[in-house]
Structures are given as structure tokens and as C-alpha cells.
Amino acid sequence: MISFLVALDKNYVIGYNNDLPWSLPLDLKFFREVTTGHTIIMGRKTFDAIGRVLPERKNVVLTRQQQSEFPEGVTVIHDIDEIYKWEKENPDEELFVIGGAELFKQTFPHADRLYLTYIDHEFKGDTYFPSFNKDEWELTHEEKGIRNEENPYDYYFLQYDRK
């Protein structure tokens, strides 16, 4: 199963200057809880933005650069078809695509589940999640996030499963 895990604002902004344009510690906690013990797949720019191997997960980076240097603990792939091959070989495993925008766009036709943290706010951004037809998806879970001093926006954890 291929799942997407992403936070986005009202306008589908997911990034600005290769970083998140907001601070939501409870969303990062949610990300850690959902992906721990699983494979996370990201593009090179997303890996660079994170800046490290995320523990207790298999870290996979898709890059076009053949001579890329990555730290120990990163599996490097150069062909997106590797993702689909893994999915077929491990049908019970949930593979998490975590960004960036180009990887989301390329793998969207194969996505089975979307974990979206919808932030009810508008941010300045230069990177966007692809728009999608919500008629092709069923909202299977919705939970309002806790708003407090450290998490100053209204936000929702949404799970969509492909119909």
C-alpha cells in the first residue's frame, strides 16, 4: 500500500524555501507516530530539508543524481518503478511517500491512502501538493488537532482512502 503523509494549508502549500512555512509540533509528533516502523520515501530535496536519517524507519531517497552521497541508513533509488516493485512484493506493508511535490505528483495515481494535516490558514509558499478529485476518495477519519501556544493554528488530521 502506498500512503501519502503531508501537511498542507488552505491553498495546498506544503513548503517554502525548502522548509515548512509553519511550526506545528503536534503534527510532527503525529508524523513520527504514524511512520515509525515503516518505510518512508522522499525526494532528495525533502531529505536535504530534513537534514538527517529519521530513526526507526527505513529511509528511502529517490534522486536523479547518480553520484549522490548519503549517510548510512539511507537507501538510494534512481527509478520510481522501484517503489511500485516494493509495493507488489510487500502488499501488506504501508509505504509512506513524504514529499516533495514532484514525487507526490508522480506517484499520485498509485496512492491508496492520504494522511493530510489540513491547516486552516494561508501561508506564503513555493511548493504545493497536487490538487486531486475528492470524489475519488473517501474520508475515513477526521480529528481536530489541539490548538495551543505551540500549535497556534486550527488544523485537522484527515485520512482519505481511495474508493
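The values are calculated or read from the model by the stated rules, or taken from the named source; none is laboratory data. This one's a predicted model, so the numbers in the text were calculated from it and none came from an experiment. Note that we place each Cβ from the backbone using ideal geometry, even for glycine, and neighbour counts take in every protein chain shown.
Tell me, please, whether a residue that is in a helix (DSSP H, G or I), farther than 20 Å from LEU24 by Cβ and within 12 Å of the chain's Cα centre (by Cα) can be found in the range 106-114. Within the range 106-114, one or more residues are in a helix (DSSP H, G or I), farther than 20 Å from LEU24 by Cβ and within 12 Å of the chain's Cα centre (by Cα). Would you check which residues across the range 32-54 are in a helix (DSSP H, G or I), in contact (Cβ under 8 Å) with a residue 60 or more places away in the chain and not polar (S, T, N, Q) and list them? Of everything in the range 32-54, just one residue is in a helix (DSSP H, G or I), in contact (Cβ under 8 Å) with a residue 60 or more places away in the chain and not polar (S, T, N, Q), namely VAL34.
In the set (1) more than 21 Å from PHE132 (Cβ to Cβ); (2) surrounded by 14 or more Cβ atoms within 10 Å (Cβ to Cβ); (3) among the hydroxyl-bearing types (Ser, Thr, Tyr), the condition left unmet by SER68 is number (2).
Pull up the range 131-145, narrow it to residues that are part of a loop (DSSP other than H, G, I, E, B) and either in contact with a Lys or Arg (Cβ under 8 Å, 6 or more places away or on another chain) or in contact (Cβ under 8 Å) with a residue 24 or more places away in the chain (or both), then point me to the one that is surrounded by the fewest Cβ atoms within 10 Å (Cβ to Cβ). Of everything passing the filter in the range 131-145, SER131 is surrounded by the fewest Cβ atoms within 10 Å (Cβ to Cβ). Considering each residue of the range 122-130 in turn, none proves to be within 16 Å of THR46 (Cβ to Cβ), modelled with pLDDT under 95, of a type in the set (A, V, I, L, M, F, W, C) and in a loop (DSSP other than H, G, I, E, B).
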